[in-house]
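The structure appears right after this line, and notes come after that.
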Amino acid sequence: MRALSLFLLVLLAAGARVPPSQAAADAYLAELKGRANSLALHEDHYWRILLHVRPGIAGTRSLVDDPRFFLSPSGKTEPAAELSATLDGLFDNTADPPYFCRFPARYAWLARSLEIDPTRIPRPPPCPEVDNILRVIDGQSVAMVFASGYVNSPASMFGHTFLRIDSRLKSPLLSFAVNYAARTDPADGGLTFTFKGMFGGYQGFYSVMPYYDKVREYSNIDQRDLWEYSLNLTPDQVRRMLLHLVEMKDIATDYFFFDENCSYELLFLLDAADPEARLTETMDRYWVIPMDTVRAVIGAGLVDNVVWRPSRAIQIRHARSLLPDRESDLAVEIVDGAAPAGTVLSEPIPDATKARTLDLAALLAQYRIAKKGMEHKDFQERFHAILSARTRLGSVEEVAKPLPVPAPPEDGHRSARAYLGGGWRGSEGFLEAGIRPAYHDYTDPPGGYTQGSLIEFLSGAVRWYPEGDRFRLQQLDLFRIESLDPFDPIFRKKSWKVRMGFQTREFTEEKDGLVTFAEAGIGGTIRLREGAVAYLLGEVEGDFSRDYHGAYRIGGGGSMGVLAEPVRGWQIWLEGRGIWGVMGETGEGPDLSASLRQGFRIGRDLSLKADLSWSVTRHVERTEGTLTLNRYF
């Protein structure tokens, strides 16, 4: 009797694993499709998140461009067809890898939405790759990380965002980072890179890597601060995000610098975790700046805590500020190999100063090796000597000046700007309106932005002169980028500028015309005091207009100026500039100008600007003044 009972149990267990007949499977598939149609699941917000669908001028379409992402030939533009094909895949065990494993987020959502009975479908095979990813990452929580802008790289001048997936381990450095970026061609130069990035010439991919590698890349090498925004997502929500990340593995999307970029694409992962946030909907605009996506995450109530991780460069500058010049120079000599680390111990200075000197030397050595500025063997020998000397000092009690925490980037003004105002040019008054999609100039409120950087794209202004009833495109900068980083004996930064666009200039007392121009400059900047710098740049400029003799002028010269913040909320930019023609039109004298531009902060997203300038162009002298009210959005 006992043997018979055991046989029946084995038979029942085996019967439970027998897949349904083809007729039964077809009937259940039809039932599920009917239920999906009645619920209009193809219009469900979450389904469109999983497909990366965004309504546009050309109609509803997925932003994913890789055909391998779609099971239906028309899946990119027809969510209903893709849903039907996905249900077909649930009953297909011939695919390799199985569709259940290839699209785990889709099937998990369909199982919940349609209350799928697992006993009525072919048993899905195990998914060891998916299980292994979930096990290794062990996602328990998520942080959005913002890397501050890096003006020397076209891809990073607006900053960059990525995600950190935290596990049960205590240290965030042992977490994994999720990144979205364009896969570029190393042979592409700056102009080629910019053109391809703006017009979809690259493909973007999601990737997963150790968080430590991202900290090393941004903080240690590129001198960029990291701001870590801890999100209040549950482990179940993190799991949903990771399942969708599996679906996006090695899947390409066309990368566009201004909208379908690193920051926007990450929002689909966060929406997959928490669809109620609707982050991709809040960024339905023609340009997406990384910091704007951080503000969207904050606005959705997802942020619990913010941590600042200063760059190695900021730590070095701060450590130097705590030392006299002799000791800071000695730290550099130790790293350069010009003095042994033990020299510090014999210096007639307090132990606290000795400790700070060796700490600075350690920071600088780590920075040099990260930048590949010294041989690995030299680093090992000198770093070991620095640590040994520091250990011999023992415990040193001191009250060190803490590293000042800057304003968080989300406290800065929004990236787009529009303004209205008026003024006079010569003896004639005008009204002026302008708009700038991105990003920041020297007279904008500085909080939350990289000091000494100016980045503007498609910044334009139009004027109306009532007296002559004339409208003019006063200026349109296709791009304008400047970096005024004060010279430092350790970092030895250069200052530079590039600009290209259109501008209305005067050719005679009675005639003006539109000029196409391109200019570039390089030089240096020094710090006058805290909040004030002075710069000197050598420049070249090319101007093109049919109003020139020969239709062009190429010249050279330079500019010098001062940036200052006399009191909080008041920005001053004083500049003098001269360009002398050397090719084309050269006989009409130099273009000379002097300007005083001021910005007054009224609120985070509101400012008043007052500009006064003097110029001489083709012997025509003019003074000009404007007053504008600026709104950031």
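Every number here is computed from the coordinates shown, using simple stated rules; none is lab data. A quick note: this is a predicted structure, and the numbers were derived from the prediction, not measured. In this analysis, Cβ positions are derived from the backbone assuming ideal geometry, glycine residues included, and neighbour counts consider all displayed protein chains.
Observations, loosely collected:
- Rounded FRET efficiency, nearest 0.05, which uses the C-beta distance separating I602 from S395 and R0 of 35 Å: 0.10
- Length added when fully stretched, D250-L173, from 0.36 nm per residue minus Cα-Cα: 25.2 nm
- Rounded to whole numbers, the Karplus 3J(HN,Hα) couplings from phi for the range 354-370 are 4, 4, 5, 5, 5, 5, 5, 4, 5, 4, 5, 5, 5, 5, 4, 5, 5 Hz, using 6.51 cos²θ - 1.76 cosθ + 1.60 with θ = phi - 60°, and x at Gly and Pro.
- Relative to the dominant Cα principal axis of the chain, helix 235-247 is inclined by about 90°.
- Under 5 Å between amide hydrogens, built in the peptide plane, is the criterion, and for A181 it picks out F205 among residues at least 5 positions away or on other chains.
- Between 0 and 90°, nearest 10: helix 104-114 axis offset from the chain longest Cα axis: 60 degrees
- Put simply, the amide H of F479, placed in the peptide plane, has neighbours under 5 Å in L458, M500, leaving out anything fewer than 5 places away on its chain.
- In this simple spin-label model, placing a label point 7 Å from the Cα along the Cα-to-Cβ direction at both W424 and W580 gives a separation of 3.4 nm.
- With N counted as the residues of the range 440-496, its alpha-carbon radius of gyration over 2.2 N^0.38 Å works out to 1.64.
- Nearest-0.05 FRET efficiency for L528 and W570, computed from C-beta distance (R0 22 Å): 0.85
- Between V136 and D351, the simple spin-label model (points 7 angstrom out along Cα→Cβ) gives 4.8 nm.
- Relative contact order of the range 140-227: 31 percent, from C-alpha pairs under 8 Å at least 6 residues apart in sequence.
- Contact order for the range 312-393, expressed relative to its length and based on alpha carbon pairs under 8 Å spaced 6+ residues apart, stands at 37 percent.
- When the range 296-408 is described by a simple charge dipole with +1 on each Lys and Arg Cβ and -1 on each Asp and Glu Cβ, the residue from P402, L330, P340 located farthest towards its positive end is P402.
- Projected label distance in nm at R492 and D88, using a 7 Å step from Cα toward the beta-carbon: 6.4 nm
- For F507 and L473, the difference between the fully extended length at 0.36 nm per residue and the C-alpha to C-alpha distance is 10.7 nm.
- Set K249/K377; K401/K497; K214/K249; K196/K249; K371/K497 screened for pairs whose C-alpha atoms are more than 29 Å apart: K249/K377; K401/K497
- Protection proxy ranking of 537-548, 235-246 - average other beta-carbon atoms within 10 Å, highest first: 235-246, 537-548
- In degrees, nearest ten, helix 376-393 long axis to first principal axis of the chain (Cα): 80 degrees
- The range 28-83 and the range 282-332 have their alpha-carbon centroids 40 Å apart.
- Here the gap between A520 and V307, fully extended at 0.36 nm per residue and compared with their Cα-Cα distance, gives a gain of 72.9 nm.
- Hypothetical label at L629: residues of the range 435-463 whose amide nitrogen lies under 19 Å (7 Å Cα-Cβ projection): 435-436, 444-445, 462-463
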